[in-house]
1. For the range 375-386, give me each residue that is open to solvent by less than 70 Å² (accessible area, probe 1.4 Å) and either on the phi > 0 side of the Ramachandran plot or assigned to a helix (DSSP H, G or I) (or both).
2. If Val228 passes every condition in (1) open to solvent by 20 Å² or more (accessible area, probe 1.4 Å); (2) closer than 30 Å to Ile64 by Cβ; (3) of a type in the set (A, V, I, L, M, F, W, C) but one, which one does it miss?
3. From the list Leu359, Leu372, pick out the single residue that is closer than 19 Å to Phe293 by Cβ, in a helix (DSSP H, G or I) and open to solvent by 10 Å² or more (accessible area, probe 1.4 Å).
4. Ile145 is checked against (1) open to solvent by 10 Å² or more (accessible area, probe 1.4 Å); (2) more than 19 Å from the chain's Cα centre (by Cα) and fails just one. What number does that condition carry?
5. Scanning for something touching a residue at least 12 places away in the same chain (Cβ under 8 Å), in a helix (DSSP H, G or I), small (Gly, Ala, Ser) and open to solvent by 10 Å² or more (accessible area, probe 1.4 Å), does the range 327-339 turn up at least one residue?
6. Quick one: in the range 148-163, which of the residues that are among the aliphatic types (A, V, I, L, M) and part of a helix (DSSP H, G or I) is nearest to Leu202 (Cα to Cα)?
7. So is Gly186 within 25 Å of Val342 (Cα to Cα), surrounded by fewer than 20 Cβ atoms within 10 Å (Cβ to Cβ) and free of Cβ contacts under 8 Å to residues at least 24 places away in the same chain or not?
8. Leu166 fails exactly one of the following numbered conditions: (1) part of a helix (DSSP H, G or I); (2) hydrophobic (A, V, I, L, M, F, W, C); (3) under 30 Å from Trp50 (Cβ atoms). What is the number of that condition?
Amino acid sequence: MAASPLHGRPPATFAELPSLLAAAPHRVLFLAGTITVLLSMAWWAVELTWMFGIPMSAWPQPTIPPAYAHGMLLQYGVFPLFMFGFLLTVFPRWMNQPALTRAEYVPVAGLVFGGYVLANVGLLDLDWLLRLGFVLMLAGYLFGIYNLAGVLRAASNRIDHAKSCLLALGLGALGLLLFLVYLFTGFAECAELAIRLGTFGLLLPIFFTVTHRMMPFFSGNVVPGYKVVRPRWSLPVVWVLLLAHLLLDWRGALGWLWIVDVPLALVFIWHALRWQPWKAMHPGLLGALHLAFAWLPIAFVLFAVQDLLYLRTGSLPFVRAPLHALGIGYFGSMLVAMVTRVTQGHSGRPLEMGKVAWLCFALLQVVVLLRLYAEFGGGDDFNPYFWLVIAAYGWLVAFAPWVLRSAWIYLTPRVDGKPG
């Protein structure tokens, strides 16, 4: 069983806290990420409650469409804090380079998290603060990209996974720039492209790239006789197909999406089968990674089926179900499993999921199903907003204990007394 958050060494004093949080990239960036996991969905849950029709006359509305705010801050603010925390740690290790210094990763946390917080406050009808927040977030991305690119430039072995992640972060910076153009000009095409870049140019490429590198590695380390499968062809193939999906969707060419979504579904199914999850359900932490990955082929099967139905009927019967199977199912579940593994290992704790992480993971699967039901449900008296509200508050319930336990670990010295 995982160690209780109350066991081990006491938390740092106020004077010790800055030094402790800056001791490793994952500490400060993961702590910031855990705060955003709750903050973003808390705002969205209240916003959906207001949309549902519950009287909230004092609730200020953002100066931009709420869906834009939800898509941008969740995709560019929440998940990337964890991604930067992971990549700023592993980039030097992947390529046998010296670890990055505090001066190279602490400003990333300060700028991205600080900008995220300001942008969220800006949603309360403070347009100038919303703009400033996104400017700071972009500065944080550029600073992080610069330092990660420095590691890549210095390496003699410039691995494909590092290049892929760096390209995705570059597209993320482009997405933030495009959204700033929208905020200053009102040109909605830029916002629409930025949101799609967040999903298919930033998050999915990084999640798949990290999964592609780490899943076979983790499995091969603990499963006797496990055959490690990590094909070099799949990263460029997935990149080309995702960029094609992004552009076709942005330009409204929905009748052509099946040409890229069907191959993507087949590629992801192939990986899921070749990684042999039936052999890797134990220990539980490894099993959770494989279960999380299962949502990726499911999501693209839904995308592909919807594309084919669109050709026949001209309608999108699944609406946003594929997108949320991807976002909550794959991104959310993989976040819990991967961050738990890093948190446990880098705090000197056993590599176990533990009861709190399993509770979060299990409840998150319920949240995915609730969110999908909001799209698939029907009937004259069916109100999708009700289920959207339930799913949003369900996210908060699922993540709250995991966030509290994780935050305790980041605010506490390693239990084995080692630095970091």
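1. Glu375, Gly379, Pro384
2. Of the numbered conditions (1) open to solvent by 20 Å² or more (accessible area, probe 1.4 Å); (2) closer than 30 Å to Ile64 by Cβ; (3) of a type in the set (A, V, I, L, M, F, W, C), the odd one out for Val228 is (2).
3. Just a single option satisfies the conditions, and that option is Leu372.
4. It is condition (2) that Ile145 fails.
5. Yes, the range 327-339 contains at least one residue that is touching a residue at least 12 places away in the same chain (Cβ under 8 Å), in a helix (DSSP H, G or I), small (Gly, Ala, Ser) and open to solvent by 10 Å² or more (accessible area, probe 1.4 Å).
6. Top of the filtered list is Ala162.
7. No; evaluated as a whole, the condition is false for this residue.
8. (3)
The values are calculated or read from the model by the stated rules, or taken from the named source; none is laboratory data. Note that the structure is a prediction, hence the values are computed from the model and not measured. Neighbour counts are summed over all protein chains in view; Cβ atoms, including those assigned to glycine, are modelled from backbone coordinates with ideal geometry. Accessible surface areas use protein heavy atoms only, side chains included; no ligands, DNA or RNA. Shrake-Rupley method; radii C 1.70, N 1.55, O 1.52, S 1.80 Å.
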